[in-house]
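Trainee: Input: one structure, supplied below.
The values are calculated or read from the model by the stated rules, or taken from the named source; none is laboratory data. Please read these numbers as outputs of a predicted model, since none were measured by experiment. Quick reminder, even Gly has a Cβ in these numbers, built from the backbone with ideal geometry, and neighbours come from all protein chains shown. Ligands, DNA and RNA are stripped out before the accessible areas are found, and what is left, the full protein with its side chains, is counted by its heavy atoms. Shrake-Rupley method; radii C 1.70, N 1.55, O 1.52, S 1.80 Å.
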Amino acid sequence: LDVISMSHGIELRVPFLDIKLFEEVMNYSFKYHFNRGFNKYILRKSSSILDKEIRWNKFKKQRPTAVSSLIYDTLKDEILYLLSQENILIDTNTLKKDFILSSQLKSEKFARFMFRVYTFLKFWYLYF
């Protein structure tokens, strides 16, 4: 799923932060999370509409482009706005300070982290 979604610039992991879904999945035995050498086993098993070559691929691939220009240039104002909102799950004030500092340094590693924060916050404010 990561390869397909990332090749189109979409982060699919964030919807799995649904609390009810998380609680349900945590009730399953460990063997359903990791099985036969595959992580996300239950997700792979339930995604039967995908070709087997895609579902059972063990090799993870990175996004084809750098995230830093997207985060620090294109989305900078939107990220600052999202980080100015209060959130009960994360410390947006600290993240905002760190983001401002990292945007001066153009840290690629922090940009990848902020991409996940950005997709989480977009999802959070859209659905909660």
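Trainee: Regarding Lys122, is this residue open to solvent by 40 Å² or more (accessible area, probe 1.4 Å) and either farther than 27 Å from Ile42 by Cβ or small (Gly, Ala, Ser) (or both)?
Mentor: no
Trainee: Let me ask you something else. Being assigned to a helix (DSSP H, G or I) and basic (Lys, Arg) is the filter; apply it to the stretch 106-115 and report the residue that is least open to solvent (accessible area, probe 1.4 Å).
Mentor: Applying the filter and picking the extreme gives Arg112.
Trainee: Which condition number in (1) at pLDDT 90 or above; (2) farther than 24 Å from Tyr125 by Cβ is the one that Asp77 fails?
Mentor: So Asp77 meets the others, but not (2).
Trainee: A further question follows. Within the set of pairs 6 or more residues apart or between chains, which connect a residue that is over 16 Å from Ser84 (Cα atoms) and of a type in the set (Lys, Arg) inside the stretch 100-116 to a residue that is part of a helix (DSSP H, G or I) and open to solvent by less than 80 Å² (accessible area, probe 1.4 Å) with Cβ atoms less than 9 Å apart?
Mentor: Lys106/Ser68; Lys106/Ser69; Lys106/Tyr72; Lys109/Ser102; Arg112/Ser68; Arg112/Ile71; Arg116/Val14
Trainee: Mind checking which residues of the stretch 42-70 are assigned to a loop (DSSP other than H, G, I, E, B) and either modelled with pLDDT under 80 or loosely packed, with under 11 Cβ neighbours inside 10 Å (or both)?
Mentor: Ser48, Ile49, Asp51, Lys58, Phe59, Lys60, Lys61, Gln62, Arg63, Pro64, Thr65, Ala66
Trainee: It is to be established whether one or more residues within the stretch 50-62 are over 16 Å from the mean Cα position of the chain (by Cα), within 21 Å of Ile19 (Cα to Cα) and acidic (Asp, Glu).
Mentor: no
Trainee: Search the stretch 71-87 for residues being part of a loop (DSSP other than H, G, I, E, B) and touching a residue at least 40 places away in the same chain (Cβ under 8 Å), and hand back the single one that is most open to solvent (accessible area, probe 1.4 Å).
Mentor: Result: Gln85.
Listed here are the residues, each with its yes/no results for (1) under 18 Å from the mean Cα position of the chain (by Cα); (2) outside any helix (DSSP H, G or I); (3) closer than 18 Å to Asp18 by Cβ.
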{"residue": "Leu89", "(1), (2), (3)": "yes, yes, yes"}
{"residue": "Thr94", "(1), (2), (3)": "no, no, no"}
{"residue": "Asp98", "(1), (2), (3)": "no, no, no"}
{"residue": "Leu101", "(1), (2), (3)": "no, no, no"}
{"residue": "Gln104", "(1), (2), (3)": "no, no, no"}
{"residue": "Val117", "(1), (2), (3)": "yes, no, yes"}
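Trainee: Continuing with this model, one more query. Return the residues of the stretch 25-41 that are open to solvent by 60 Å² or more (accessible area, probe 1.4 Å) and part of a helix (DSSP H, G or I); say none if nothing qualifies.
Mentor: Listed by number, the residues that qualify are Met26, Phe30, Lys31, Tyr32.
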